[in-house]
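Participant: One structure, as structure tokens, below. Some questions next.
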Amino acid sequence: MLQKKDVLNLAEKVAVVTGAASGIGLATAELLSAYGASVAMLDVNVKKGEEQAALLRQAGRKATFFACDITSQKACSETVQAVVQQFGRIDILFNNAGVTYRKTVVDLPEEEWDMVLDVTLKGAYLMAKYVVPVMAGNGGGSIINTGSGWGLKGGDQAAAYCAAKGGLVNLTRAMAIDHGADNIRVNSVNPGDTDTAMLREEGRQLGCEEDAFLVESAKGRPLERLGTPEDVANVVLFLASDLAQWITGAALVVDGGGIA
């Protein structure tokens, strides 16, 4: 007979979260640390990242900020080494950092295309490149990549974003196949429109009034609201936990039914 287990207890686990200074990354760092994990918070926003890590420590959580440009191989290698030196291991990697430019391929400058793909796709590759051997040496782990509903279907005026997220969803599947033998599970969480600074920036890029853009973004969803960072963090917690110990290669949609 199955018995109740403390499967969400992340004590003794070490989590690395990219894009951790705000939005979904910050909410996930807060939630994983609430369940006992030691959290390495990575971001290029040093001031905000250090402030948020300090707030977690003040609340009795275990969190350290690491400044890291995940588009740099050197920075990723050195940061992973620093995390292992401080915490001794890595059990969870949340590849969450991303940027977007709401433009068609005609209007999109090459440097903006490169930025979106470098942060979203290359960054996940580089972090995994150095984290996977650490996880394998520790007996396994869980990698969660932030995809998007638009990584599973197309969207308007978001060519680079759709390309990057679509690539990340399929990179997730490839990594799940490659590293399952090392007991490393790799999944993607795919949010719909979520109330973050990035979504509000999208509205500004499209020339929309902010409140009207948020209302419009929530339309057409069966649950009739925008997502919150906590909505997505809850799913990351699930995929990182032992509740998901037989789930790998999955693309879990968290969008209030938006692409149902």
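Participant: Of the conditions (1) closer than 24 Å to Ala67 by Cβ; (2) within 15 Å of the chain's Cα centre (by Cα), Pro133 clears all except one; give me its number.
Facilitator: (2)
Participant: Determine if region 240-252 includes at least one residue that is under 21 Å from Val134 (Cα atoms), of a type in the set (A, V, I, L, M, F, W, C) and buried (at least 20 other Cβ atoms within 10 Å of the Cβ).
Facilitator: Yes, region 240-252 has at least one match.
Participant: Another question, then. Would you say Arg89 is in the same structural domain as Gly167 (by TED's automatic domain parsing) and modelled with pLDDT under 95?
Facilitator: No, not satisfied.
Participant: So, in region 75-102, exactly how many residues are more than 24 Å from Gly140 (Cα to Cα) and surrounded by fewer than 19 Cβ atoms within 10 Å (Cβ to Cβ)?
Facilitator: Of the residues in that region, 1 qualify.
Participant: For Leu226, state whether it is within 17 Å of Asn96 (Cα to Cα) and buried (at least 18 other Cβ atoms within 10 Å of the Cβ).
Facilitator: The answer is no for Leu226.
The values are calculated or read from the model by the stated rules, or taken from the named source; none is laboratory data. All of these numbers come straight from a predicted model, not from anything done at the bench. All Cβ positions, even for glycine, are placed from backbone atoms using ideal geometry, and neighbour counts span all protein chains on display.
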